[in-house]
């Protein structure tokens, strides 16, 4: 007779038994759920066995097994409220961050992590845990890991006044607009502490200050001291030192760099942060988050050596992003255990310290969207800095980026105290920024030497490979029609020099200024960006040795039927078309004289197009030859 046993998943069994999926798996292995069958990595469990175990264990509150999917907690996307997520949604427990911060006794800690890696939720969690409120907020931690750590930590819950500021939305085009946005952020936080208005502990000067904060009539100097003043008032009112939490502290600074008011915003932020965080007797501790550490010579010079934790540090490494174990538990909860390889290839691959990390934003989106893989991390923030890097590419950086796009590892010197005005100064700052921002990750442990920090870097996963082909090229495609890019691609692999010259001319007329095109390095970087979209069909090589020299750019076909391509670039200053044809001829002769085609020939590629390309301002001259 056919087997009529009704089987359910480990996730559904966990919902019924009110335990974790991992514990259910353990019961299956121990033989305590009779008839459970292992199917690959998953378990098929007889419904009757689950009900029998529940009855024996005295579990009387069960759920309808057939509607378990409807009873699952939602996977919240874009919600950074700890209270809502902890009480209504699936929450990956990161509360041990509280324990470690308390134990370390650091006065000021800065966490630098890529965007969308849980920084804002972590700040909100800290606020909920420590802040003294009328509501008993211990209910949100009673079943969390921090609550099992002992009375020392439970006694600190809900005992401090807390200042929480977020600058994540301060993204404006001028210093005046940015300062107005910062003033409103400060005003909102002062209003959140309305208890100060009726405080009998504050004097008339403080009450007058509160009134002028509400009316927006404070001077810029007074605003720069507003963090210091608020800690003092709160500490006076509550008789307790104050905690300061600042999320995305560097967003206004990034905008200042991109929009031309860097020095003005740095000056304000230096005074503002120093006032609240340096030698402040009313400060319990402070936590800041951001993407970068702006070098202490420019921002933190007023602070007493804040503790900075970056993606290279092992401590705190598993508190931002999801670990392998956490993602496996999520996959089991949402009945996606058989999708782990897909999830891993798309969203894993980061390395924080020695810890393997998944992108939490993308994993959450994956489960919330029914298990459909997409590049969720793309276009979640402004790409202005990426455009700045691409516009200032040197041939050396272009070569390394090309290798990264081809899936290779690069060995780079790292500067973890990047400052924005020097972002494009060299490979150490460019690749350090890409590391800090989440576009690259260490492939192994960094090497600390007497002359600096060195590491092998790579693209983490499929999602970021997709991001490279969208965000890094976006600054070009946003300025010109996609048909122009398509025309350039078609002309390149057809070997049509006239067509390519016309398409490149149209592109440069619409996309670059006269001052952009002043050096060969700029044009080299521009061409690397243009041909990167051909990476599905070609291996792209830049500045490699072949024959008797080093070619500028080569495209080696991945499949038969496509020609190989060699390019050599020349550039002269100015915008005069005179002499471009001769210069292009010289570039073509260099390909032939130096025998740059030899490497491709050795690999059996016989059909090779050679391009000599000369640039001047927005003008271009091209000569071609077929091997």
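Return a yes/no flag: does the stretch 67-80 have any residue that is assigned to a helix (DSSP H, G or I) and at pLDDT 75 or above. Checking the stretch 67-80: not a single residue is assigned to a helix (DSSP H, G or I) and at pLDDT 75 or above. One residue stands out in the stretch 118-136 among those that are farther than 17 Å from residue 89 by Cα and at pLDDT 95 or above: the one that is surrounded by the fewest Cβ atoms within 10 Å (Cβ to Cβ), namely 132.
Please work out if residue 355 is outside the structural domain of residue 42 (by TED's automatic domain parsing), over 25 Å from residue 8 (Cα atoms) and at pLDDT 95 or above. Yes; evaluated as a whole, the condition is true for this residue. The helices (runs of 4 or more DSSP H) found wholly in the stretch 91-176 and carrying at least 3 residues that are touching a residue at least 60 places away in the same chain (Cβ under 8 Å) occupy 96-104, 119-130. The residue that is modelled with the lowest pLDDT, counting only those in the stretch 237-255 that are part of a helix (DSSP H, G or I) and in contact with a helix residue (DSSP H, G or I) (Cβ under 8 Å, 6 or more places away or on another chain), is 254. Looking only at the stretch 332-348, decide whether some residue is in contact with a strand residue (DSSP E or B) (Cβ under 6 Å, 6 or more places away or on another chain), at pLDDT 95 or above, closer than 20 Å to residue 121 by Cα and assigned to a strand (DSSP E or B). No, because not a single residue in the stretch 332-348 is in contact with a strand residue (DSSP E or B) (Cβ under 6 Å, 6 or more places away or on another chain), at pLDDT 95 or above, closer than 20 Å to residue 121 by Cα and assigned to a strand (DSSP E or B).
Filter the stretch 17-59 down to the residues that are modelled with pLDDT under 85, over 24 Å from residue 328 (Cβ atoms) and in contact with a helix residue (DSSP H, G or I) (Cβ under 8 Å, 6 or more places away or on another chain), then identify the one that is surrounded by the fewest Cβ atoms within 10 Å (Cβ to Cβ). Within the stretch 17-59, the match that is surrounded by the fewest Cβ atoms within 10 Å (Cβ to Cβ) is 57. Being in a helix (DSSP H, G or I), closer than 30 Å to residue 326 by Cβ and modelled with pLDDT of 95 or more: is that true of residue 207 here? Criteria not met by residue 207.
Counting only residues that are under 38 Å from the mean Cα position of the chain (by Cα) and in contact (Cβ under 8 Å) with a residue 12 or more places away in the chain, give me the helices (runs of 4 or more DSSP H) lying completely in the stretch 519-623 with at least 2 of them. If you could, list the steps in order and put the result at the bottom.
Working: elements: 520-531, 580-593, 598-602.
Here the list reads 520-531, 598-602.
The values are calculated or read from the model by the stated rules, or taken from the named source; none is laboratory data. Quick caveat, the model's predicted, so the values are computed rather than measured. Heads up, the Cβs are rebuilt from the backbone with ideal geometry, glycines too, and the neighbour counts pull from every protein chain shown.
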